[in-house]
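Scroll down for the structure; my scribbles are underneath it.
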Amino acid sequence: MTSRSFAGQLLFRSRAVRDGRWKRCGSWRHLVLGCLLLLPVAGFAQGTVAAWGLGLDGQTTVPPDVDDAVAIGAGHLHSLVVRADGTVAAFGANAFGQRDVPLGLTGVTAVAGGLGHSLALKSDGTVVAWGDNGSGQATVPAGLTGVTAIAAGLLHSLALKSDGTVVAWGSDGSGQATVPPGLTGVTAIAAGRFHSLALKSDGTVVGWGSNLDGEIDIPPGLSGVVALAAGNVLSMALRSDGTVVVWGDFDNPRPVPDGLANVVAIAAGVFHCLALRADGTVVAWGFDSDGQASIPAGLSGVSAIAAGSFHSLALRRALTPASAIRALRDDVAALRGVVVRNALQVKLNVALAALAASKPQVACQSLQSFRALAAAQRNKHLTAAQANYLMAQAADIRLLMDCR
């Protein structure tokens, strides 16, 4: 069995668990005997980033240290990536300090970018902002908590709270930061150049701000919406049936490609649109002046997309030895009260250090030592289920690395 074919089997297993076909197995952290989940879902939530389109400011030059990305965001001429450890990487233009990530920023789950500012949502429901603050777009309202989603317009910012309300700040020249009175029951938000969108729990859409190109003229009868995106003067909605609706931008209309279906995520730039399909492929349309709508050949396995003004990003599901070992290390850390936990973690740390030093054989040996220790502790300091799980994980990673 080759490493490639085995990785494919692992991905199938992960999807099966994600899709709920094996729900009765319970959480992987419980290490339930008989649950056929080798390499936990966390190992697949991480991935690599693909970027294309305008790259004069480096916004499409992905740094090598983001091979464990879990979320992406794009600003006008900069890109943002959340790593598995909750830190943020930023690359591209920095005229306003938009990629000067605050020192010590951790616990981030989502990011968004505007013209010259950046936003980060933390796991505790708070928001951090940096970069251009000429219109107050990087001044997070005092006491803002309970945030579940963020969006960045050109010069304004939005936050969705857990109670279904929306908070806006920054430039309000077109009313884009004036949330309609009484707006509640919101489940998603999006921000364009000078307009804002909100999706309500009943599947309808509310828009406010500039309407020069009909960007907040919600199509009559639009319902069943599950996601939103906003571009320069254009708006997008993803419906529950996997179809996409686009409106606005009279001068540069972007009709949805014929037959586009099975869409699970959308994004919009200044003159281009992106759609992620359920099979992990990406469709792009609109102006392609800088290649922003030219999907890289062979791009697949995508789990998230983002659009800057003239560039595009995709988060690809990736299973690398390092990310798999880190996921296994997290499993071991969850073994509270297990005497040999530290010893097991040391062997995984050695394997990670060996990979970082380009010594794969040493990493293979350390993983084999990990398996041996787990086997030796079966029915002693580890239950049989725990030992079998850890041994299987290490064996899978060794196979992925083509260890001899």
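The alpha carbon radius of gyration of segment 74-128, expressed as a multiple of 2.2 N^0.38 Å, is 1.01. Measure nothing but the geometry: give the 0 to 90° angle between the long axis through the Cα atoms of 3-18 and the longest principal axis through the Cα atoms of the chain, rounded to 10°. Relative to the chain, helix 3-18 is tipped by roughly 60 degrees. Remark: THR320, THR184 ranked as THR184, THR320, counting other beta-carbon atoms within 10 Å and listing the fewest first.
Each of LEU103, LEU56, LEU160 was scored by other Cβ atoms within 10 Å of its Cβ. Listed from fewest to most, they are LEU103, LEU56, LEU160. Averaging Cα coordinates gives a centre for segment 53-80 and one for segment 105-119; these two points are 12 Å apart. Local charge for GLN176 was computed over the other residues whose Cβ lies under 12 Å away, with Lys and Arg +1 and Asp and Glu -1, and equals -1. Computed from Cα atoms, the angle from the helix 360-376 axis to the main principal axis of the chain rounds to 60 degrees. Along the axis of the charge dipole computed for the chain (Cβ charges of +1 for Lys and Arg, -1 for Asp and Glu, origin at the Cα centre), the listed residues GLN176, VAL340, GLN377 are led at the positive end by GLN377. The calculated FRET efficiency for ALA372 paired with SER123, based on their beta-carbon distance and R0 = 35 Å, is about 0.45.
Based on the Cβ-Cβ distance from LEU222 to ASP65, what FRET efficiency comes out when R0 is 30 Å, to the nearest 0.05? About 0.10, to the nearest 0.05. When the Cα positions of SER223, HIS76, SER309 are compared along the charge dipole of segment 47-317, SER223 comes out farthest toward the positive end, with charges on each C-beta of Lys, Arg, Asp and Glu.
The dipole here belongs to the chain: it is taken about the Cα centre, uses +1 on the Cβ of Lys and Arg and -1 on the Cβ of Asp and Glu, and is about 2420 debye. Note on the chain: Cα-Cα pairs beyond 42 Å make up 18% of the total pair count. Every Cα-Cα pair of segment 85-196 was included, and the share exceeding 17 Å stands at 50 percent. Compared with the dominant Cα axis of the chain, that is its longest principal axis, helix 341-356 is turned about 70°. Under the criterion of Cα pairs below 8 Å and six or more residues apart, the relative contact order for the chain equals 13 percent.
Every number here is computed from the coordinates shown, using simple stated rules; none is lab data. Given the structure is predicted, the values throughout are model-derived calculations rather than measurements. Neighbour counts run over all protein chains shown; Cβ positions are idealised from the backbone, glycine included.
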